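Participant: This is the structure I want to talk about, given as structure tokens.
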Amino acid sequence: PNDEVRKQLLPVANAYAIEDVLAAAREYVEKTGRRVIFEYALVKGVNSELRHADELATRLRGLRCHVNLIPVNEVKGKIYKRSEKVAVELFTKALESYRMTVTVRRSLGGDINASCGQLRAEHS
């Protein structure tokens with residue numbers, strides 16, 4: 001929901017501030033009349049608390065958009081953890097309370113390390 005958190009998760013955030021991204025999104029909506037879809041990866045202990053939902057909703061207020069929440073897939077050897085189901089539900093309800101349209105991406109293949117972000121070679 002802000003540059004500090006984005007820089008922890010996305011290297012590209014060092015080049016493009018969140019306000020620049022939102023300005024481009026607003027320009028796109030203005031020129032096309034279409035909505036923008038934001039993909040928001042929920043990471044336990046990093047950006048999945050209710051205060052983050054409130055900050056995100058406040059930042060997106062007035063922008064014709066849809067938010068697709070993506071609970072991250074845990075990857076062996078990586079520090080990021082998946083938010084619990086109840087945290088995802090609360091985050092979703094918080095955004096909806098701001099009258100935002102929200103979906104939660106369904107995750108498949110995690111049981112065989114084949115979900116998005118998990119496809120990588122394993123060495124014994």
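The values are calculated or read from the model by the stated rules, or taken from the named source; none is laboratory data. As the structure is a computational prediction, the values presented were derived from the model and not from experiment. Virtual Cβ from ideal backbone geometry, glycine too; neighbours counted across all protein chains shown. Surface areas here come from the heavy atoms of the whole protein model, side chains and all, with no ligands, DNA or RNA. Shrake-Rupley method; radii C 1.70, N 1.55, O 1.52, S 1.80 Å.
Participant: Which FRET efficiency value, to the nearest 0.05, do you get for residue 20 and residue 81 by plugging their Cβ-Cβ distance into 1/(1 + (r/R0)^6) with R0 = 41 Å?
Facilitator: For R0 = 41 Å, the calculated efficiency reads 0.90.
Participant: Another question, if that's okay. 5 Å is the cut-off here: which amide hydrogens, built 1.01 Å from N in the peptide plane, fall below it relative to residue 41, excluding neighbours closer than 5 in sequence?
Facilitator: 70
Participant: With only Lys, Arg, Asp and Glu charged, each at its Cβ (+1 for the first two, -1 for the last two), find how big the charge dipole of the chain is about the Cα centre; round to the nearest 20 debye. Can you show the working numbers first?
Facilitator: Numbers: 21 positive and 16 negative charges, 52 e Å.
For the chain, the charge dipole is close to 260 debye.
Participant: Oh, and also: Tell me, Kirkwood radius of the chain from alpha-carbon pair distances, in Å?
Facilitator: Values: mean 1/r = 0.0641 Å⁻¹.
Value: 15.6 Å, from the Cα pair sum.
Participant: Keeping the other protein chains in place, figure out the carbon and sulfur percent of the accessible area of the chain, with a 1.4 Å probe. Working shown, then result.
Facilitator: Numbers: 4410 of 8330 Å².
About 53 percent, which is the carbon plus sulfur part of the accessible surface.
Participant: Would you please give the residues with an amide H less than 5 Å from that of residue 36, counting only those at least 5 places away or on a separate chain, with H modeled from the backbone geometry?
Facilitator: Amide H to amide H, under 5 Å and 5 or more residues apart or across chains, residue 36 pairs with 65, 66.
Participant: Relative to the longest principal axis of the C-alpha atoms of the chain, give the angle of the C-alpha long axis of helix 50-60, reported between 0 and 90° and rounded to the nearest 10°.
Facilitator: The helix 50-60 is inclined about 40 degrees to the chain.
Participant: Using only the alpha-carbon atoms, what does the stretch 68-108 span along each of its principal axes? Please give whole angstrom values in decreasing order.
Facilitator: Largest to smallest, the principal-axis extents are 38, 17, 12 Å.
Participant: Leaving out same-chain residues fewer than 8 places away, which lysines sit with a Cα under 28 Å from that of residue 78?
Facilitator: 7, 44
Participant: Near residue 14, within a Cβ-to-Cβ distance under 15 Å, what is the net charge of the other residues, with Lys and Arg +1 and Asp and Glu -1? Each step should come with its number before you reach the end.
Facilitator: Values: positive: 6, 7; negative: 3, 4, 19, 20.
Local net charge: -2.
Participant: Okay, moving on. Compute the acute angle (0 to 90°) between the alpha-carbon long axis of helix 85-97 and the principal axis of greatest extent of the alpha-carbon atoms of the chain; round to the nearest 10°.
Facilitator: So the inclination is approximately 10 degrees.
Participant: Another one. How large is the accessible surface per residue of the stretch 34-84, computed with a 1.4 Å probe and reported in Å² as a whole number? Walk me through the intermediate numbers first.
Facilitator: On the way: 2920 Å² over 51 residues.
That works out to 57 Å² per residue.
Participant: Which chymotrypsin sites (Phe, Trp or Tyr not before Pro) in the stretch 1-47 pass both tests, a DSSP loop state and at most 13 other beta-carbon atoms within 10 Å? Can you show the working numbers first?
Facilitator: Values: sites: 16, 28, 38, 40; in loops: 16.
The qualifying sites are 16.
Participant: Which residues' amide hydrogens lie under 5 Å from the amide hydrogen of residue 83, considering only partners 5 or more residues apart or on another chain, with H built in the peptide plane?
Facilitator: 44, 72
Participant: Here's a follow-up. Rounded to the nearest 500 deg cm²/dmol, what is the calculated helix-only ellipticity per residue at 222 nm for the chain, with -39500 (n - 2.57) per DSSP H run of length n ≥ 4? Intermediate values should be presented prior to the final figure.
Facilitator: Values: 4 runs with 46 residues, N = 124.
Result for the chain, helices only: -11500 deg cm²/dmol.
Participant: Applying 1/(1 + (r/R0)^6) with R0 = 22 Å to the Cβ-Cβ distance of residue 97 and residue 30, what FRET efficiency is obtained, to the nearest 0.05? Walk me through the numbers before you get to the answer.
Facilitator: Values: r = 26 Å, r/R0 = 1.20.
Working from the Cβ atoms, E equals 0.25.
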